[in-house]
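Student: Before anything else, here's the structure in question.
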Amino acid sequence: MPSKPVINTIKTASKWLGWVVPTAVILFLLLENLTSITNAILVFFSLLNIAQTKINKLTLTMTFYQEPTHYEKTILSDLQGAWEVLRDEVIKDHANKDYSRLLLPINEAMSWESVRNLNHMKNTFVLIQSIAQQMNVSDEIIELIEDIRDILYETLSELEHGKIL
């Protein structure tokens, strides 16, 4: 039977490494089977190596998506922001006048289909501009529509010159 210092060393090493099961196996081998200390330590490190290999494989397969730490502002974010400001202003003024004819095309212009196909957004913008002129909307809404026009044409120009957005 191994001496108390040997058993304590094995317990301390296994606690430090965080392996309770290998410790139990080694103590069983030492106490019950009267295995030599060398064989018990070899078993311990073999089990430890197997466990470490499994943990390494697990950490390789368990990768998590990391949130980006920076964002690059593009002209598309300016365009999206301009559409949102226009939509909010139309909703705010909707209490005074019936601007429901404007809301559907504005929502259409903000949709994924329009973002993926800016020519479609351009056509929707022309429709919005036409409806706004027919309805005599407020000067603030007209200014917001003009802001969108400027950003939209700048975006289309950048795409035409091959700039990646």
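The values are calculated or read from the model by the stated rules, or taken from the named source; none is laboratory data. What you see is a predicted model, and the numbers here were worked out from it, not measured in a lab. All Cβ positions, even for glycine, are placed from backbone atoms using ideal geometry, and neighbour counts span all protein chains on display.
Student: If a residue has to be touching an Asp or Glu at 6+ places or on another chain (Cβ under 8 Å) and either modelled with pLDDT under 85 or part of a helix (DSSP H, G or I) (or both) to count, how many in the stretch 94-116 make the cut?
Tutor: To start, the set of residues in the stretch 94-116 that are touching an Asp or Glu at 6+ places or on another chain (Cβ under 8 Å) comprises 99, 110, 114.
So of that shortlist, the ones also either modelled with pLDDT under 85 or part of a helix (DSSP H, G or I) (or both) come out as 99, 114.
Going through the stretch 94-116 one residue at a time, the tally reaches 2.
Student: On the given criteria, is Ser130 without any contact (Cβ under 8 Å) to a residue 12 or more places away in the chain, within 14 Å of Ala82 (Cα to Cα) and among the polar types (S, T, N, Q)?
Tutor: Details: without any contact (Cβ under 8 Å) to a residue 12 or more places away in the chain: yes; within 14 Å of Ala82 (Cα to Cα): no; among the polar types (S, T, N, Q): yes.
In short, no.
Student: Please verify whether Asp93 is more than 19 Å from Glu158 (Cα to Cα) and in contact (Cβ under 8 Å) with a residue 40 or more places away in the chain, treating the condition exactly as stated.
Tutor: Details: more than 19 Å from Glu158 (Cα to Cα): yes; in contact (Cβ under 8 Å) with a residue 40 or more places away in the chain: yes.
Judged against the criteria, Asp93 is a match.
Student: Is it true that Leu127 is part of a helix (DSSP H, G or I) and either modelled with pLDDT under 90 or not assigned by TED's automatic domain parsing to the domain that holds Leu79 (or both)?
Tutor: Numbers: part of a helix (DSSP H, G or I): yes; either modelled with pLDDT under 90 or not assigned by TED's automatic domain parsing to the domain that holds Leu79 (or both): no.
Considered against the rule, which asks whether it is part of a helix (DSSP H, G or I) and either modelled with pLDDT under 90 or not assigned by TED's automatic domain parsing to the domain that holds Leu79 (or both), Leu127 comes out as no.
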